[in-house]
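Here the structure comes first, spelled out in structure tokens, and everything after it is commentary.
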Amino acid sequence: MNMSRPSVHPVEAPPLTAHNAPRGRMKDIQGMPGTPGGLALRLCQFVFALVSLSVITTTSDFSSVTAFCYLVVAVSLQSLWSLSLAIVDIYAILVRRSLRNCRIVSCFTIGDGITSTLTFAAACASAGITVLIGNDLNKCSLNHCTRFETATAMAFISWFSVSPSFVLNFWSLASR
């Protein structure tokens, strides 16, 4: 029996042009999910949100002002979100997993965008009420102005530490 046998002929690769050039993967930039920098940002977000929450809830009359109630809800959500993503970052670092999956990055980006917007809005509202109480009404002796200012400042610092996470996640998502 005469069977044909396949033969392998070497084929040259076509030259690389702008249309078929391989896309390089973006390196793990510190601050992105699954990196030590990202974990540090998440822990900063969590700590500052938790400090803001602790300071505002230790005052006896925070519940009488809607902006301070909103601050409690916003920083509570921020601290839970940041803690859960810090746990995910710790896991990714320990098992050396990359968190560059499009769905994961989309979830992180949307979550960071929502929580940062809520935290910023609550901090701005609380700052407005604090200025009203302290400067316009001159009732700091009757209220806990220092605690309100501290809680508001911690909420702003938490928002400042969420912003790089959001920008890097959004940039990672947009560069795909």
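Determine which member of the set 28, 61 is in contact (Cβ under 8 Å) with a residue 12 or more places away in the chain, among the charged types (D, E, K, R) and surrounded by fewer than 16 Cβ atoms within 10 Å (Cβ to Cβ). Walk me through how you get there before you give the answer.
Details: 28 fails: surrounded by fewer than 16 Cβ atoms within 10 Å (Cβ to Cβ).
Going through 28, 61 in turn, the sole match is 61.
I'd like the full set of residues that are small (Gly, Ala, Ser) and surrounded by fewer than 21 Cβ atoms within 10 Å (Cβ to Cβ), limited to the range 96-126.
Residues of the range 96-126 that are small (Gly, Ala, Ser), as a first pass: 98, 106, 111, 113, 116, 121-123, 125-126.
Answer for the range 96-126, where residues must be small (Gly, Ala, Ser) and surrounded by fewer than 21 Cβ atoms within 10 Å (Cβ to Cβ): 98, 106, 111, 113, 121, 125.
Which one is nearest to the chain's Cα centre (by Cα), of the residues in the range 112-129 that are within 17 Å of residue 48 (Cβ to Cβ) and not aliphatic (A, V, I, L, M)?
Restricting attention to the range 112-129, the residues satisfying the condition of being within 17 Å of residue 48 (Cβ to Cβ) are 112, 115-124, 126-127.
Checking which are not aliphatic (A, V, I, L, M) leaves us with 112, 115-117, 119-120, 124, 126.
Working: 112: 4, 115: 8, 116: 7, 117: 11, 119: 11, 120: 12, 124: 18, 126: 21 Å.
Filtering first and then ranking leaves 112.
Hey, does the range 98-120 have a residue that's modelled with pLDDT under 95, over 23 Å from residue 170 (Cβ atoms) and not basic (Lys, Arg)?
No; the residues of the range 98-120 include none that is modelled with pLDDT under 95, over 23 Å from residue 170 (Cβ atoms) and not basic (Lys, Arg).
Evaluate the range 65-83: report whether one residue or more is farther than 30 Å from residue 146 by Cα, buried (at least 18 other Cβ atoms within 10 Å of the Cβ) and either in contact with a His (Cβ under 6 Å, 6 or more places away or on another chain) or hydrophobic (A, V, I, L, M, F, W, C) (or both).
So the first thing to find is which residues in the range 65-83 are farther than 30 Å from residue 146 by Cα, and the list is none.
Within the range 65-83 (the criterion being farther than 30 Å from residue 146 by Cα, buried (at least 18 other Cβ atoms within 10 Å of the Cβ) and either in contact with a His (Cβ under 6 Å, 6 or more places away or on another chain) or hydrophobic (A, V, I, L, M, F, W, C) (or both)), the answer is no, since none of the residues qualifies.
Confirm whether residue 168 is among the aliphatic types (A, V, I, L, M) and closer than 30 Å to residue 33 by Cα. Can you show your working first?
Numbers: among the aliphatic types (A, V, I, L, M): yes; closer than 30 Å to residue 33 by Cα: yes.
For residue 168, the condition - among the aliphatic types (A, V, I, L, M) and closer than 30 Å to residue 33 by Cα - is met.
For residue 104, state whether it is more than 20 Å from residue 36 (Cα to Cα), in a helix (DSSP H, G or I), under 16 Å from the mean Cα position of the chain (by Cα) and not basic (Lys, Arg).
Values: more than 20 Å from residue 36 (Cα to Cα): no; in a helix (DSSP H, G or I): yes; under 16 Å from the mean Cα position of the chain (by Cα): yes; not basic (Lys, Arg): yes.
In short, no.
Under 8 Å by Cβ, and 6 or more places apart or on different chains, what pairs join a residue from the range 138-151 that is touching a residue at least 24 places away in the same chain (Cβ under 8 Å) with one that is surrounded by fewer than 16 Cβ atoms within 10 Å (Cβ to Cβ) and among the charged types (D, E, K, R)?
So the pair list comes out as 143/61; 144/61.
The values are calculated or read from the model by the stated rules, or taken from the named source; none is laboratory data. As the structure is a computational prediction, the values presented were derived from the model and not from experiment. Here Cβ is always computed from backbone atoms with ideal geometry, including for glycine, and neighbour counts include all displayed protein chains.
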